[in-house]
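First comes the structure, then the notes that go with it.
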Amino acid sequence: MSSLRRGDRGAPVVEIRSALAALGMIDSPDDDITTGKHVAFDVFDDDLDHSVRAFQQRRGLLVDGVVGEATYRALKEASYRLGARTLAHQFGAPMYGDDVATLQARLQDLGFYTDLVDGHFGLQTHNGLMSYQREYGLYPDGICGPETLRSLYFLGSRVTGGSLHAIREEELVRRSGPRLSGKRIIIDPGRGGDDHGLIMNGPDGPISEADILWDLASRLEGRMTAIGMETFLSRPVGRSLSDAERAATANTVGADLMISLRCASLPDSPANGVASFHFGNAHGSVSTIGRNLADFVQRELVARTGLRDCRTHGRTWDLLRLTRMPTVQIDVGYITNPHDRDLLVSAQARDSLSEGILAAVKRLYLLGKNDRPTGTFTFAELLAHERSVEQSAGRAAQA
């Protein structure tokens, strides 16, 4: 569907209004008997714009009042309630919706599902449901039909628990140890191919937004490789992939972390600064390690560059919810802001950014031990720390 915004009218606007009314986010009467106000269902008015923005805020979407593909899909997903349809894993046409998220949450409470509550009925959900069915004497077909629903409703009201996904994420980081050597990282530079983004003048001539992000990714990759990490790029230099394709690449590699690099953009606005994003949704599900890494990244980059701190945020963007490992998207500055742009075209600033991101990853695995003040870890010190940990591990193995 084409994007809808304030001032538009027609049948698609009626559909959006009805969906929001069903969610209790906008009044639905044709006439308000107390004021006599007439509501034109097919007009995208100020009230509908306000409701769309509130919905976007609640669902972790870009809050712009525009109903594009992502917002329309989220409205569709929000309309599903557990029991309204039969749920099953479908290859090539996966099921998404709040009913799937409710199922995942109940399976998680019962100890049968340890992934994110993301509303995506994938293999993890299928396997968790089959395990539950097998344990409770149901036919283990991985299909959530009437009999399975009755069983879940009966147990769901009696059993609650914490987030097994958070526990699993944190335990994986703890068990992997403080060494960066051997850890697998996907680096995801934005743009690419024919998608150059903004083109501007740099110290050595014209440079595009895509060039900046690729160069930053290369600098980060070089430092990580030198320290012994296994690094992979999410795309070739001459191609631009969708976020879903980038996530699929990361899942195929089976990385420990994914770090996505983007430039923010808001024309005709003084907006500036750096922000970091992790998976987090309206169901209360959050990538704990993603959030921790985003916090470290944010603090490091602000300390090293002087960029404005636009903080960390939970979002449900495809890149964050479709990856099976903790993922952080870093908006390294507003390419539309003169100050941020001048910083990003500087090779020295990109060195500082890459060093800050590496330091943030190291802090994640240090778990607060042998730590240094924010913004003070240099690459040489990180390398020395790696060698020290390696030597200590070697002596412990010999003892």
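Going out from 0 in 5 Å bins, what whole percent of all Cα-Cα distances in the stretch 45-114 drops into each bin?
Taking all Cα pairs of the stretch 45-114, the binned fractions are 3, 15, 19, 19, 16, 13, 8, 3, 1, 0 percent.
For the chain, what is the convex hull volume of the alpha-carbon atoms per residue, in Å³? Mind dumping the intermediate values first?
Details: hull volume 72.9 nm³, N = 399.
Given the Cα convex hull of the chain, per-residue volume reads 183 Å³.
Return the FRET efficiency for the residue pair Arg168, Thr225: r is the Cβ-Cβ distance, R0 is 35 Å, and the value is rounded to the nearest 0.05.
The formula returns an efficiency of 0.80 here.
Taking each pair of distinct Cα atoms in the stretch 87-161 once, what is the resulting Kirkwood hydrodynamic radius in Å?
Computed over the stretch 87-161, the radius equals 12.0 Å.
If you average the sequence gap of Cα pairs under 8 Å that are 6 or more apart and divide by the length of the chain, what percent do you get for the contact order? The partial results should precede the final answer.
Working: 682 pairs, mean separation 55.4, N = 399.
Reported as a whole number, the value is 14 percent.
Show Phe91, Phe121 ordered by accessible area, largest first, where the area counts protein heavy atoms only and the probe is 1.4 Å.
Working: Phe91 170, Phe121 0 Å².
The ranking, largest first, comes out as Phe91, Phe121.
Roughly how many Å² of His283 are accessible to a 1.4 Å probe, to the nearest 10?
Using a 1.4 Å probe on the heavy atoms, I get roughly 80 Å².
Considering only protein heavy atoms and a 1.4 Å probe, what is the carbon-and-sulfur percentage of the accessible area of the stretch 87-161? Mind dumping the intermediate values first?
Values: 1870 of 3430 Å².
Ligands and nucleic acids excluded, carbon and sulfur reach 55 percent.
When Lys and Arg each count +1 and Asp and Glu each count -1, what net charge do the other residues less than 12 Å away from Ile186, Cβ to Cβ, add up to?
Numbers: positive: Lys183, Arg184, Arg235, Arg246, Arg324; negative: Asp188, Glu221, Glu230, Asp256.
So the environment of Ile186 carries a net charge of +1.
Straight-line reach from Lys183: which aspartates and glutamates have Cα under 18 Å away, leaving out those fewer than 8 places along the same chain?
Of all the aspartates and glutamates, those that pass the test against Lys183 - Cα under 18 Å, at least 8 places apart if same chain - are Glu169, Glu170, Glu171, Glu221, Glu230, Asp256, Glu355, Glu386, Glu390.
Tell me the accessible surface of Asp215 in square angstrom (1.4 angstrom probe, heavy atoms of protein chains only), to the nearest ten.
That residue has around 40 Å² of solvent-accessible surface.
In terms of the Cα gyration tensor, with a ≥ b ≥ c the square roots of its eigenvalues, is the stretch 209-249 rounded because a/c is under 1.5, prolate because a/b exceeds b/c, or oblate? Spell out each step's value before the answer.
Values: a/c = 3.05, a/b = 1.41, b/c = 2.16.
It comes out oblate by the Cα gyration axes.
Label-point separation (nm) for Leu198 and Thr114, each offset 7 Å from Cα along Cα-to-Cβ?
4.4
Give the relative contact order (percent, whole number) for the stretch 161-273; include only Cα pairs under 8 Å separated by 6+ residues. Before the final figure, lay out the partial values.
Numbers: 133 pairs, mean separation 41.8, N = 113.
Worked out over the stretch 161-273, it gives 37 percent.
Over the stretch 179-394, average the accessible area per residue using a 1.4 Å probe and give it in Å², no decimals. Before the final figure, lay out the partial values.
Details: 8630 Å² over 216 residues.
Roughly 40 Å² per residue, with all protein chains present.
Compute the normalised compactness of the stretch 179-394: alpha-carbon radius of gyration over 2.2 N^0.38 Å, N being the residue count. Let's see the in-between values first.
Values: Rg = 16.5 Å, N = 216, 2.2 N^0.38 = 17.0 Å.
Ratio of Rg to 2.2 N^0.38 Å for the stretch 179-394: 0.97.
Enumerate the aspartates and glutamates that Lys76 could reach by cross-link, defined here as Cα to Cα under 16 Å, with residues fewer than 8 away along the same chain left out.
Hits, sequence-local ones excluded: Glu15, Asp98, Asp99, Asp118, Asp318.
For the stretch 278-342, max minus min Cα coordinate along each principal axis, in Å, sorted largest first?
For the stretch 278-342, the Cα extents along the three principal axes come out at 37, 22, 19 Å.
The values are calculated or read from the model by the stated rules, or taken from the named source; none is laboratory data. Note that the structure is a prediction, hence the values are computed from the model and not measured. Note that each Cβ is placed from the backbone with ideal geometry, even for glycine, and that neighbours are counted across all protein chains shown. Remember, those area values only see protein heavy atoms, side chains included, never the ligands or the DNA or RNA. Shrake-Rupley method; radii C 1.70, N 1.55, O 1.52, S 1.80 Å.
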